[in-house]
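For reference, the structure discussed in these notes is given below.
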Amino acid sequence: MTQDSGKTTHFGFTEVPEGEKAGRVQGVFTSVASKYDVMNDAMSFGIHRVWKDAMMDWLAPRPGQRLLDVAGGTGDISFRFLKRAGTGHSTVLDITESMLVEGRKRAEAASMADNLDWVVGDAMKLPFADNTFDVYTISFGIRNVTRPQEALNEAYRVLKPGGRLMVLEFSQIPNDMMQKAYDLYSFNIIPKMGQVIAGDHDSYQYLVESIRRFPDQETFLGMVREAGFDNAKYRNLTMGVACLHSGWKL
């Protein structure tokens, strides 16, 4: 799709030309790829694992389903999906090849190799035919997409009729005092963790800022519906620190 060079978007709290965001995001995740899983545990005190399990509980994978795991990075969601489904196939797509490389190194990747594909690609222009997948997931990735609405539109296109969308993303705590406390932790601690663990303060400063720029639960629900999904709903996790959005292509 041709981009209007005059348009800008946010990269954290910085406004940048739309055409630059994807490259900057690639730079962030290339930098942190080798320590990405370790940092997820450190930043969330391991709670991200509980959130991902909650995602699988609501999704309830069935044997034989085909999953497209967008911004799938190191494969966490795909591994969980395949274990729950018992049989099936997952395509892990990410814009950053080094994240996929780290995913392939994991023990789960070796044991599930026949049921996994790893594809470098853009969420806004998926390299797949219409009506291909039973399930589309994106976990902590859609806030990094230049135009999230286009990513949702693409999700709708590649899902089969009856297919399911599920988005796991950081969100907003519906309590001002608790949100302020969470912001203090996020802005003062997480970038410092990034420096110590991953040797990269700036990338984790961006990640914290990108969470604050992402739409709240109701606004994002409207975007899911705008893409064409029916029966769209959301569930807050850990008081709204994260949120699951679900929708169906009916």
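Read the figures in this text as sums done on the coordinates, not as results from a lab. Predicted model only: the values in this text are computed from it and were never measured. Cβ atoms come from the backbone with ideal geometry, glycine included; neighbour counts cover every protein chain shown.
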message: Given axes a ≥ b ≥ c from the Cα gyration tensor, I'd like to know whether the chain is rounded (a/c under 1.5), prolate (a/b larger than b/c) or oblate.
response: rounded
Cβ-based exposure ranking for 201, 245, in which fewest neighbours within 10 Å come first: 201, 245
query: Shape of the range 87-162 from its Cα gyration tensor (a ≥ b ≥ c, root eigenvalues): rounded if a/c is under 1.5, otherwise prolate when a/b > b/c, or oblate?
result: oblate
task: Can you check what the net charge comes to around residue 131, using other residues whose Cβ is under 12 Å from the Cβ of residue 131 (Lys, Arg +1; Asp, Glu -1)?
output: +2
- prompt: Which is the longest stretch in the chain that no exposed loop site breaks, taking sites as chymotrypsin sites (Phe, Trp or Tyr not before Pro) with a DSSP loop state and at most 13 other Cβ atoms within 10 Å?
  reply: 46-250
query: How many angstrom lie between the C-alpha centres of the range 142-206 and the range 1-67?
result: 6 Å
- line: Most fluctuating of 101, 135, 92 in the GNM of the chain (C-alpha, under 10 Å) is 101
- request: Could you work out which residue, out of 139, 171, 111, moves most in a Gaussian network model of the chain, that is, has the largest mean-square fluctuation with Cα springs under 10 Å?
  value: 111
